[in-house]
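Notes follow once the structure below has been shown.
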Amino acid sequence: NAGVTQTPKFQVLKTGQSMTLQCAQDMNHEYMYWYRQDPGMGLRLIHYSVGAGITDQGEVPNGYNVSRSTTEDFPLRLLSAAPSQTSVYFCASTSRGANTEAFFGQGTRLTVV
Amino acid sequence: AQKVTQAQTEISVVEKEDVTLDCVYETRDTTYYLFWYKQPPSGELVFLIRRNSFDEQNEISGRYSWNFQKSTSSFNFTITASQVVDSAVYFCALSENRDDKIIFGKGTRLHILP
């Protein structure tokens, strides 16, 4: 049972490039979340999804897109990377909504130069 | 809007001392849930505890204890007889019953000095 898997673990992008951070969970969880972690800022919610086909914005959605075509996958897309998007990104899932324990992936460290 | 404040950015204590991490929350919902997560130096996020707004009973798990007080909107975390392995960043989080978001505080970095 792998839990929540994020790929890649590390990535360096040039300003203006696009990329997709992958997140997959094998626990049949309905709810999935994307956070970014920056020094002194804690974990900030980017986008989240309460089920396949449903997504919504979090606290800092600008510059990011998401989709949820399956229960298992919740990719995060950066359409035109900016240095301000340099961060550690975490994907999480919960079994029964926001009021239950969240399971996190190992994180993706992204650097935009 | 929901908000979580962890005013202590960084704390250093000597091993075997007790330490309390503060968490203050804001919510307009009457039903809500509070959490603590640990992020050790290896970087992963580990769930520690969940509390709902109707259960103000304090909880103890080994050297860890949590004090939930609705009157002061606080959910503080105490480590008794701290150990070097307790060194980590600790996050407090809040979710409201009428919402699907989980909002985290900025975290407290705890250093346990040998």
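A few points about this structure:
- Applying a threshold of 6 Å to beta carbon distances and a minimum spacing of six or more residues, or different chains, the list of pairs starting in segment B:17-34 at a residue that is closer than 23 Å to B:Ser87 by Cβ and ending at one that is of a type in the set (Val, Ile, Thr) and assigned to a strand (DSSP E or B) reads B:Val19/B:Val13; B:Val19/B:Ile79; B:Thr20/B:Thr78; B:Leu21/B:Thr108.
- Segment B:70-114, subset among the charged types (D, E, K, R) and part of a strand (DSSP E or B), residue nearest to the other protein chains (Cβ to nearest Cβ): B:Glu96
- Of the residues making up segment A:25-45, those that are of a type in the set (A, V, I, L, M) and crowded, with 23+ Cβ neighbours inside 10 Å are A:Met32, A:Leu43.
- Exactly one residue out of A:Glu30, A:Glu59 is within 17 Å of A:Phe103 (Cβ to Cβ) and not β-branched (Val, Ile, Thr): that is A:Glu30.
- Pairing residues of segment A:46-58 that are farther than 13 Å from A:Trp34 by Cβ with residues that are assigned to a strand (DSSP E or B) and of a type outside the set (Lys, Arg), at Cβ distances under 7 Å and at least 6 apart in sequence or on separate chains, gives A:Val50/A:Tyr31.
- Qualifying position, being surrounded by fewer than 16 Cβ atoms within 10 Å (Cβ to Cβ) and over 11 Å from the mean Cα position of the chain (by Cα), among A:Thr7, A:Thr70, A:Thr20: A:Thr70
- Of residues in segment A:45-67 being more than 20 Å from B:Lys106 (Cα to Cα) and under 11 Å from the mean Cα position of the chain (by Cα), the one nearest to the other protein chains (Cβ to nearest Cβ): A:Ser49
None of the figures in this text is laboratory data; all of them are computed from the coordinates on show. Just so it is clear, the model here is predicted, and its values are computed rather than measured. Quick reminder, even Gly has a Cβ in these numbers, built from the backbone with ideal geometry, and neighbours come from all protein chains shown.
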